[in-house]
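The values are calculated or read from the model by the stated rules, or taken from the named source; none is laboratory data. Keep in mind it's a predicted model, so treat the numbers as computed, not measured. A quick note on method: Cβ atoms are made from the backbone with ideal geometry, for glycine too, and the neighbour counts reach across all protein chains shown.
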Amino acid sequence: MIKIAHRGISAQAPENTRAAFNKMLPLGVSWLETDIDISSDNQLILIHDNQVDRTSDSEGEVNHKSFSELQKIDFGGWFGTDFVGEHIVTLDWLIDFINANQLNVNFELKTAVTEDNQQYYLKRVVSALNRVNSGSDMIVSSFNLELLEKYHQLMPQVAIGVLIEGPLPDNIVALAQKIDAKYIHPDVTYLTQNQVSYLVANQLAVNVWTVDDDLMAIELEKWGVNAIFTDFPET
Ligand code: G3P
Ligand code: MG
């Protein structure tokens, strides 16, 4: 079973920062997950929340800030004084890092991208992801299935994963087949062994988020889960 570093090694460093991604290397972790958002002036950047408040020394909506405004914000001090000086990471930086270190990646497309700039966001994402070396495994996922479908039409060679928050819907296989998804990314809280068997029987691989409990991870491996997203991929 693959263990995917959730927003980098986010138990040891502030999520989605250079520090969190750099920590993968000495730990021998080869898969990472991150979240792609966009600044008000269309720079692709990596941040999970729609606001900067939780993970920085500032406040406000990510999409309302220009890249130069985001660059002035500290994204490390909230986690610990050792990390003061961590700045927003661009998608371009991370792709260079992935290529230089032969890593594999799950990019999550953010749901908060507005209808107005969706097409622009997707074009920028496709152009950036085209730079990932062919030797890296890559999955693109989203909770926003319309956005994910539009992305897949632009870049059909990259496998996509349907992210589900809460219980799996009864029509999950049909939803995945409709958009040609290869993966289902369910919420561990609600997942059952029967559901995993059902998805696998329908040729859908299952990548579960967010699993930080060792015993749960062992159980999921027995169920036939393909991968887990975890803040502790090294254990
Ligand atoms: O993609 C797995 C996981 O990252 C999905 O949830 O909220 O952590 O982005 P979230
Ligand atoms: Mg995510």
Name every residue in the stretch 15-57 that is in contact with a Phe, Trp or Tyr (Cβ under 9 Å, 6 or more places away or on another chain), within 13 Å of Glu86 (Cβ to Cβ) and not aliphatic (A, V, I, L, M), in order of residue number. Glu15, Asn16, Thr17, Arg18, Phe21, Asn22, Thr55, Ser56, Asp57
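Here is a yes/no grid of residues against (1) acidic (Asp, Glu); (2) within 30 Å of Lys222 (Cβ to Cβ); (3) more than 16 Å from ligand 1 (Cβ to nearest atom); (4) in contact with a Cys (Cβ under 7 Å, 6 or more places away or on another chain):
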site	(1), (2), (3), (4)
Ile4	no, yes, no, no
Ser10	no, yes, no, no
Gly28	no, yes, yes, no
Ser56	no, no, yes, no
His64	no, no, yes, no
Gln71	no, no, yes, no
Gly77	no, no, yes, no
May I ask you to say which residue of Arg124, Arg131 is part of a helix (DSSP H, G or I) and more than 16 Å from ligand 1 (Cβ to nearest atom)? Arg124
In the stretch 102-114, which residues are modelled with pLDDT under 95 and under 11 Å from Asn144 (Cβ atoms)? Lys110, Thr111, Ala112, Val113
If we scan the stretch 188-195, do we find a residue that is within 16 Å of ligand 2 (Cβ to nearest atom), buried (at least 17 other Cβ atoms within 10 Å of the Cβ) and on the phi < 0 side of the Ramachandran plot? yes
Evaluate the stretch 185-194: report whether one residue or more is in a helix (DSSP H, G or I), farther than 22 Å from Thr111 by Cβ and either at pLDDT 95 or above or away from ligand 1 (no atom under 14 Å from the Cβ) (or both). yes
Considering every residue within the stretch 6-16, establish whether at least one is surrounded by fewer than 23 Cβ atoms within 10 Å (Cβ to Cβ), in contact with a strand residue (DSSP E or B) (Cβ under 8 Å, 6 or more places away or on another chain) and at pLDDT 95 or above. no
With the first residue restricted to the stretch 19-38 and required to be assigned to a helix (DSSP H, G or I), and the second required to be of a type in the set (S, T, N, Q) and within 16 Å of ligand 1 (Cβ to nearest atom), Cβ contacts under 7 Å at 6 or more apart or on different chains are Ala20/Ser10
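This table checks each residue for (1) closer than 30 Å to Val62 by Cβ; (2) more than 16 Å from ligand 2 (Cβ to nearest atom); (3) in contact with a Phe, Trp or Tyr (Cβ under 9 Å, 6 or more places away or on another chain).
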{"site": "Lys123", "(1), (2), (3)": "yes, yes, no"}
{"site": "Arg131", "(1), (2), (3)": "yes, yes, no"}
{"site": "Gly135", "(1), (2), (3)": "no, yes, no"}
{"site": "Met155", "(1), (2), (3)": "yes, yes, no"}
{"site": "Leu163", "(1), (2), (3)": "yes, no, yes"}
{"site": "Ala174", "(1), (2), (3)": "no, yes, no"}
{"site": "Asp180", "(1), (2), (3)": "yes, yes, no"}
{"site": "Val211", "(1), (2), (3)": "yes, no, yes"}
Restricting the first residue to the stretch 153-168 and requiring it to be in contact (Cβ under 8 Å) with a residue 12 or more places away in the chain, which pairs with a second residue that is among the β-branched types (Val, Ile, Thr) and part of a loop (DSSP other than H, G, I, E, B) meet a Cβ separation below 8 Å and a spacing of at least six or different chains? Ile160/Ile179; Val162/Ile179
The correct count of residues that are aliphatic (A, V, I, L, M), surrounded by 14 or more Cβ atoms within 10 Å (Cβ to Cβ) and touching a residue at least 40 places away in the same chain (Cβ under 8 Å) in the stretch 100-130 is 6
Do we find that Phe97 is within 16 Å of ligand 2 (Cβ to nearest atom), hydrophobic (A, V, I, L, M, F, W, C), in contact (Cβ under 8 Å) with a residue 40 or more places away in the chain and surrounded by 16 or more Cβ atoms within 10 Å (Cβ to Cβ) in this structure? no
Within the stretch 196-228, take every residue that is among the acidic types (Asp, Glu) and part of a loop (DSSP other than H, G, I, E, B) and give me the one that is surrounded by the most Cβ atoms within 10 Å (Cβ to Cβ). Asp212
Any chance you could count how many residues in the stretch 39-87 are in a loop (DSSP other than H, G, I, E, B), of a type in the set (Asp, Glu) and out of contact with any Gly (no Cβ under 9 Å at 6 or more places or on another chain)? 3
